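S.K.: Structure below; questions to follow.
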Amino acid sequence: MSGAAIEADSVSARSEVDVLFSAESIAQRVDALGGEIAAHIDRNCMVIAVLKGSFVFCADLIRALHRAGMHPRIDFLTLSSYGTGTESSGDVRITRDISDDVAGMDVLLVDDILESGRTMVFAKQLIEERGAKSVSICVFLDKAEKRKVAIEADHVGFICPDQFVVGYGLDYAHYYRELPFVGVLRRD
C-alpha cells in the first residue's frame, strides 16, 4: 500500500471518529505510567495483558517499564464478555489462558478499559487463586461511573467519559483498533 493510500485511510478513519486522546498525549501518559508502576512493583514482575483490546497499550507500557528499569515477563489472557456488541454481557469466559505459572509472582494485570469491572474481578481472582504473590491492576481507560462491582485499578492512564470509544487497541466489532489515538465513533 502506498503512503498516499495509507494517509487516505487515516483521514477516512479520522472523519468517522472524533479524537478524545491524541497519540501524543497517550505516549506521554504511558511513559509516566511506566515510572509510576516501577516505583510500586517488583522489577521482575509478570505482566499479563488481557486481550484483545490491551495489546497496543501493553506493548507501549512494557517498553515504558523497560525504560524505567524493569525487566518484566509477559503473558496473555484472552477473556470475552462483549462479543461484537457495545455493552458487556456480564458473562466472562476464558478464550485463551496464560501459559506461565504465576505462583509466587508479583503480577501486573493490564487491560484496555475498566467499566463494569466484571472482567477485571474475574481476572484478578483467577490469578490470585493460582498463587500469585500480589496482583496489581493497570488500565488504559477508567469509566468509574459504569462500575457494577467493587474494584479499582492501581494505575490508570486516563479517566474516560461515558462514551463508546475506539482506537489504540479498542474496537467496534473488531474495527478501529489500529488508530494511534482514542476517539468517539460517530454514529450517523
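S.K.: How many of the residues in the range 159-183 are assigned to a strand (DSSP E or B) and surrounded by fewer than 17 Cβ atoms within 10 Å (Cβ to Cβ)? Give the derivation first.
M.R.: So the first thing to find is which residues in the range 159-183 are assigned to a strand (DSSP E or B), and the list is 159, 165-167, 170, 172, 175, 182-183.
Next, only the ones that are surrounded by fewer than 17 Cβ atoms within 10 Å (Cβ to Cβ) stay: 159, 175.
Total satisfying the criteria: 2.
S.K.: Could you run through the range 42-54 and say how many residues are touching a residue at least 60 places away in the same chain (Cβ under 8 Å), touching a strand residue (DSSP E or B) at 6+ places or on another chain (Cβ under 6 Å) and closer than 21 Å to Thr119 by Cβ?
M.R.: So the answer is 8.
S.K.: Another question, if that's okay. Within the range 135-148, take every residue that is free of Cβ contacts under 8 Å to residues at least 60 places away in the same chain and either surrounded by 15 or more Cβ atoms within 10 Å (Cβ to Cβ) or in contact with a Leu (Cβ under 7 Å, 6 or more places away or on another chain) (or both) and give me the one that is farthest from Phe158 (Cα to Cα).
M.R.: Taking the range 135-148 as the starting set, the residues that turn out to be free of Cβ contacts under 8 Å to residues at least 60 places away in the same chain are 135, 137, 139, 141-148.
After this cut, where a residue has to be either surrounded by 15 or more Cβ atoms within 10 Å (Cβ to Cβ) or in contact with a Leu (Cβ under 7 Å, 6 or more places away or on another chain) (or both) as well, the list is 135, 137, 139, 141-143, 146-147.
Values: Val135: 20, Ile137: 14, Val139: 8, Leu141: 5, Asp142: 6, Lys143: 9, Lys146: 15, Arg147: 16 Å.
Among those that are free of Cβ contacts under 8 Å to residues at least 60 places away in the same chain and either surrounded by 15 or more Cβ atoms within 10 Å (Cβ to Cβ) or in contact with a Leu (Cβ under 7 Å, 6 or more places away or on another chain) (or both), it is Val135.
S.K.: Filter the range 111-144 for residues that are closer than 21 Å to Pro161 by Cβ, assigned to a helix (DSSP H, G or I) and of a type outside the set (Val, Ile, Thr) and give the result. I'd like the intermediate steps shown before the answer.
M.R.: Step one: of the range 111-144, the residues closer than 21 Å to Pro161 by Cβ are 111-120, 137-144.
Keeping just the survivors that are assigned to a helix (DSSP H, G or I) gives 118-120, 144.
Scanning the range 111-144 gives Arg118, Met120, Ala144.
S.K.: If a residue must be over 17 Å from Ser80 (Cα atoms) and not basic (Lys, Arg), how many such residues does the range 103-148 contain?
M.R.: 20
S.K.: Leu108: over 12 Å from the mean Cα position of the chain (by Cα) and outside any loop (DSSP other than H, G, I, E, B), yes or no? Spell out the reasoning first.
M.R.: Numbers: over 12 Å from the mean Cα position of the chain (by Cα): no; outside any loop (DSSP other than H, G, I, E, B): yes.
Here the answer is no, as Leu108 does not meet what is asked.
S.K.: Now a separate question. Please determine whether any residue of the range 75-93 is buried (at least 16 other Cβ atoms within 10 Å of the Cβ), aliphatic (A, V, I, L, M) and closer than 25 Å to Ala27 by Cα.
M.R.: Checked against the condition, which is being buried (at least 16 other Cβ atoms within 10 Å of the Cβ), aliphatic (A, V, I, L, M) and closer than 25 Å to Ala27 by Cα, the range 75-93 yields at least one hit.
FYI, it's all coordinate maths here, none of it is from the lab. These numbers come from a predicted model, not from an experiment. When we count neighbours, we look across all protein chains shown, and the Cβ atoms used for this are built from the backbone with ideal geometry, even at glycine.
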